[in-house]
Structure formats: structure tokens, C-alpha cells
Amino acid sequence: MKTTLQIADIALELRRYPLQKNETLQAWDAADEYLIECIEEKELEPGAHILFMNDGFGALSCWASLKGFQVTTINDSWLSQQSIEQNLKANDLGHVAMLSSLDTLPSDIDVVVMKLPKNNRLLVWQLQQVSQLSSKGISIVAGAKVKDVHTSTLKLFEKHLGATLTSLAKKKSRLIFCEKEKQIDALPAATTSFDVPDYQLTLANHANVFSSESLDIAAYLMLQHMPQDEKIKHIIDLGCGNGVLAIQAAKLNPQAKITAVDESHMAIASATMNLANHGIDPSRTHCMVNNCLDGFTPDSADVVMCNPPFHQLQAVTDHIAWQMFCDAQRVLEPKGRIVVIGNRHLGYHTKLKRLFGNAQVIASNRKFVIVEAYK
Ligand SMILES: C[S@@+](CC[C@H](N)C(=O)[O-])C[C@H]1O[C@@H](n2cnc3c(N)ncnc32)[C@H](O)[C@@H]1O
């Protein structure tokens with residue numbers, strides 16, 4: 001795997017964080033290189049202010065920082081933010097302003113450079129954020145794999161910002177060029193919600209939350225098999241999304257403290273709001289943006305519940321699920337348990353058995369299994 005991004009006379013050392021022993025995935029892609037080439041051609045004034053949206057691991061922010069531009073970088077992913085910070089440090093580069101997807105954009109942007117997000121709701125939210133900037137004539141350039149740029153994607157740029165063109169394909173990537181012509185005075189509501197009538201839940205979701213328009217079918221099965229025991233003191237919902245499992249766990253175990261963890265800022269904002277809206281006393285709950293259970297005290301939880309992710313940004317991977325299981329093993333009290341739901345074919349049963357020395361299927365349907373393992 002290459003770790004040096006060479007562009008003309010510039011060489012950047014770039015890694016994905018957290019570092020993995022046998023990492024096979026590069027920390028940048030051809031769309032990053034295409035975007036950098038395109039910004040070079042713009043011949044921006046030194047010190048021009050570039051806003052990067054969704055810079056996955058820091059290739060764009062590091063390059064622009066090295067070139068002496070003013071850089072603001074905005075992400076929903078905490079892991080992306082960590083990668084950007086670590087890669088800046090590894091290349092001895094200076095400060096860039098780091099914002100989360102829920103922050104207000106700075107008003108003095110010259111150019112917006114976007115990596116197209118996987119999720120169209122997030123794309124629309126970000127286009128609306130740009131549309132709200134008061135300055136006219138900002139140019140926006142977005143990059144992605146050719147297969148992810150659809151006519152419908154271009155229509156979203158046109159609808160929210162203005163005239164939109166695309167580049168030729170290069171190394172299976174394409175750029176989208178757009179000029180900001182439209183302006184909105186205020187952003188629409190940041191969340192939408194749906195009901196889960198069987199459990200009297202109404203779940204609000206910021207744009208980039210997993211399964212933000214209806215309940216995930218795995219989560220629905222999990223709701224039917226939640227841990228419930230008056231001896232439980234502390235439950236962790238690991239990869240909490242909108243907090244659906246955390247809310248139900250809190251309702252069924254009123255004596256327990258609930259910690260909800262996710263690496264998405266929008267997930268944590270949604271879970272915080274949903275727990276409060278369902279009457280769960282905030283003194284019992286703690287919602288935090290984090291990478292899995294990094295920094296958690298060993299032997300400090302009775303139950304870890306988990307509906308693990310199988311993607312990191314655009315890449316399909318099971319390394320995060322594995323890290324979640326390893327972290328749970330460390331953070332669970334002796335005799336504590338992990339309860340995991342997943343697609344049958346993902347083989348979580350075998351993985352948990354290898355790690356915990358035991359694993360039982362406690363429920364299943366045609367597609368999913370719930371597996372429990374005790375420390
Ligand atoms: C399959 S979704 C489950 C969401 C929710 N618990 C549910 O059941 O609907 C997995 C969640 O894990 C989160 N996630 C991904 N990588 C993570 C990491 N390294 N640390 C913490 N959470 C992570 C994702 O943002 C996503 O919300």
C-alpha cells in the first residue's frame with residue numbers, strides 16, 4: 001500500500017487513522033488527486049480561503065496547508081478529523097480550522113472543495129449550507145468516483161446552488177463544477193423524524209445518521225431482544241446512530257447508566273436529542289463522539305450492545321466491528337456481556353467465540369442473528 005502522495009515536487013506522507021497493522025487501504029484516492037490538480041489550475045491568490053467538505057483522511061487539507069492557503073475543513077466523521085490532525089502533524093504542517101458537520105460555515109470562503117458524501121441527505125444539507133453563505137460567485141468543485149456521480153447528483157447541485165458541469169473521467173474519477181448563484185436566508189430544519197409505533201418511539205435524525213428515514217430492520221429485531229435485568233448498572237450502546245437501542249435499554253433498565261458512542265457528530269447530536277425527548281433523565285446518560293471504546297476504563301460496563309458498521313466512508317470493511325468486539329472485551333466487567341446483531345453472512349458468531357471463548361445465538365430471522373458472549 002502506498003503512503004506517499006507525490007504531486008509535482010510535493011510529497012505527503014498519509015495514513016488512515018487509527019493505524020492498523022496490516023492496513024491495505026490507501027489514505028487518498030484518484031478523486032483527491034484530480035481535485036488537487038484542479039485547484040492548482042485555478043491559480044488562487046496565496047492565502048485564499050478554501051473550505052474542504054468531507055476530506056476523508058486529510059490529503060486535501062494537508063496539501064492546501066502546505067501550499068499556504070487558509071484552510072477550513074468540515075466533517076461529520078470523527079475518524080476523518082483524527083486522520084486529518086495526525087496527518088498534518090506527521091507532515092509538520094500548521095493549523096487548519098476543523099469544524100463538525102453541525103457547525104456554521106465561515107462567511108469568507110473563496111472556494112468550496114467537496115468530496116461527494118455517500119449519503120444524499122448529507123449532500124443536500126451541505127449544499128444548503130453553502131447556499132446560505134451570503135457571498136455570491138463562490139465556485140464549488142466536488143470529486144468522486146465516476147460510478148457515484150449520477151444525473152440526479154448534478155440536479156441536486158443545480159437545484160440548491162446553480163449551473164453545474166462535469167469533467168471528463170480520469171482514473172475512474174470525475175469532478176463536478178458548480179457556480180453559486182442561489183441564496184437561501186435560513187437553513188431548513190436540520191432533523192427529520194419517523195415513528196416506531198410498536199415501541200412508542202419518535203426518532204429525530206440529522207442528515208448523516210445511519211438509517212435516518214426508517215428503522216433499520218436489524219435494529220427492529222434487536223428491540224425485541226434487549227437486555228433487561230435490575231442488576232445491570234451500566235449499558236453501552238456502541239455505534240448508537242440515532243440512539244434507538246439506547247432509549248429502549250434505558251426504558252427497560254431504569255436503574256442503569258447509559259453511554260451512547262458513535263464516531264458521527266450527527267449521530268451523537270440525534271441520540272442526545274432522542275434520549276431527552278423520550279424522558280430519559282440526562283443525569284443517567286452520556287452521549288459521546290469517539291472511536292469505538294478508545295479511552296474507556298477497563299471492567300466498567302455490564303452490557304455492550306452493538307449493531308456494527310460494515311463501511312468506513314466509501315470502503316466496505318469489517319475491521320471496525322472487530323475493534324468494537326475487542327474493545328468491549330476490555331471494557332466489560334468480568335461476567336459482563338456483549339450483545340451483537342448482524343447479517344448472518346458476516347460470521348459474528350465465530351468472531352465472538354474466538355475472542356470471548358463462548359457465543360450463543362439468542363435470536364434470529366432469515367437475514368439476521370443476535371449473538372451474545374460473556375466475558
Ligand atoms: C449499523 S449502524 C447502527 C446504528 C444504530 N445503533 C441502529 O441500530 O440503528 C453502525 C453505527 O456505527 C457507527 N460507527 C462507525 N464507525 C465507528 C467507530 N469507529 N466508533 C464508533 N461508532 C462507529 C456509525 O456511525 C453508525 O452509526
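The values are calculated or read from the model by the stated rules, or taken from the named source; none is laboratory data. On a predicted model such as this, the values are computed, not experimentally measured, just so you know. Glycine also receives a Cβ, built like all others from the backbone with ideal geometry; neighbour counts cover every protein chain displayed.
Quick notes on this one:
- The one condition in (1) part of a strand (DSSP E or B); (2) more than 13 Å from the ligand (Cβ to nearest atom); (3) touching a Ser or Thr at 6+ places or on another chain (Cβ under 9 Å) that D237 fails to fulfil: (2)
- Which numbered condition T259 fails, given (1) surrounded by fewer than 19 Cβ atoms within 10 Å (Cβ to Cβ); (2) among the hydroxyl-bearing types (S, T, Y); (3) touching a residue at least 24 places away in the same chain (Cβ under 8 Å): (1)
- Evaluation of F157 against the conditions (1) within 25 Å of the chain's Cα centre (by Cα); (2) surrounded by 15 or more Cβ atoms within 10 Å (Cβ to Cβ); (3) in contact (Cβ under 8 Å) with a residue 60 or more places away in the chain shows that the sole unmet condition is (3).
- Those residues of the stretch 193-218 which are part of a strand (DSSP E or B) and within 16 Å of S101 (Cα to Cα), in sequence order: N205, H206
- Enumeration of residues in the stretch 243-267 that are part of a helix (DSSP H, G or I) and closer than 21 Å to Q200 by Cα: V244, L245, A246, I247, Q248, A249, A250, K251, L252, A267
- Of all residues in the stretch 347-361, exactly one satisfies the criterion of being loosely packed, with under 15 Cβ neighbours inside 10 Å and among the aliphatic types (A, V, I, L, M), namely V361.
- Subset of the stretch 334-360 (residues that are under 20 Å from I217 (Cα atoms) and hydrophobic (A, V, I, L, M, F, W, C)): I338, V339, V340, I341, L346
- A count restricted to the stretch 1-14 and to residues that are surrounded by 19 or more Cβ atoms within 10 Å (Cβ to Cβ) and assigned to a loop (DSSP other than H, G, I, E, B) stands at 1.
- Matching residues, the stretch 221-234, being of a type outside the set (A, V, I, L, M), in contact with a helix residue (DSSP H, G or I) (Cβ under 8 Å, 6 or more places away or on another chain) and either within 10 Å of the ligand (Cβ to nearest atom) or in a strand (DSSP E or B) (or both): none
- Filtered by the rule that a residue be in a loop (DSSP other than H, G, I, E, B), among the hydrophobic types (A, V, I, L, M, F, W, C) and under 23 Å from the mean Cα position of the chain (by Cα), the stretch 268-292 gives a lone residue, C292.
- Any pair with Cβ under 6 angstrom, 6 or more apart, that starts in the stretch 4-15 at a residue that is under 18 Å from A30 (Cβ atoms) and at pLDDT 95 or above and ends at one that is part of a strand (DSSP E or B) and hydroxyl-bearing (S, T, Y): A11/T4
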